[in-house]
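The values are calculated or read from the model by the stated rules, or taken from the named source; none is laboratory data. Fair warning: this is a prediction, and the values are worked out from it, not measured in the lab. All Cβ positions, even for glycine, are placed from backbone atoms using ideal geometry, and neighbour counts span all protein chains on display. Just the protein is used for accessible areas: all its heavy atoms, side chains included, with ligands, DNA and RNA removed. Shrake-Rupley method; radii C 1.70, N 1.55, O 1.52, S 1.80 Å.
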Amino acid sequence: MKLLLVGLFGLSLPFTAAAFPVDVEVQSDGVSIVASSSYLSNIATVTLVNEGAENALCEARFVNGPERPSPSRVRLNTGEQTVMTQAFQRHINRVRVTVSCKPD
């Protein structure tokens with residue numbers, strides 16, 4: 001009987017993590033940057049890989065509706081990979097990320 005009660009209690013808890021799409025647009029000027037996206041709870045992530053022959057300066061803007069986007073900047077050496085993240089306070093329906101990169 002205890003297993004049944006634990007199972008019913010678990011079903012009554014609200015789900016805190018919901019799936020949401022993370023759309024990424026990369027604007028690279030003379031550098032070869034590959035981006036992929038993911039999420040964890042209320043945190044959106046973008047993984048950037050510099051596949052070019054030059055170092056790159058990149059800026060990412062994470063937009064989730066009414067929250068004000070704050071830019072994140074990173075310097076990527078040739079062959080380097082990094083993960084950029086943004087946590088949100090409000091309910092997430094969709095996150096749009098614009099990544100702008102230029103040669104360093």
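Structural remarks
- Strands (runs of 3 or more DSSP E) fully within region 63-104 counting 3 or more residues that are touching a residue at least 60 places away in the same chain (Cβ under 8 Å) and under 16 Å from A35 (Cβ atoms): 95-103
- Residues of region 78-101 that are β-branched (V, I, T) and open to solvent by less than 40 Å² (accessible area, probe 1.4 Å): T82, I92, V95, V97, V99.
- Taken over region 46-61, residues that are modelled with pLDDT under 95 and within 12 Å of the chain's Cα centre (by Cα) amount to 0.
- Residues (more than 18 Å from Q89 (Cα to Cα) and open to solvent by less than 60 Å² (accessible area, probe 1.4 Å)) located in region 56-74: A56, L57, C58, E59, A60, V74
- The number of residues in region 21-40 being closer than 13 Å to R61 by Cβ, loosely packed, with under 15 Cβ neighbours inside 10 Å and not acidic (D, E) comes to 1.
- Evaluated against (1) under 20 Å from F20 (Cα atoms); (2) loosely packed, with under 12 Cβ neighbours inside 10 Å; (3) of a type in the set (A, V, I, L, M, F, W, C), I43 falls short on exactly one condition, (2).
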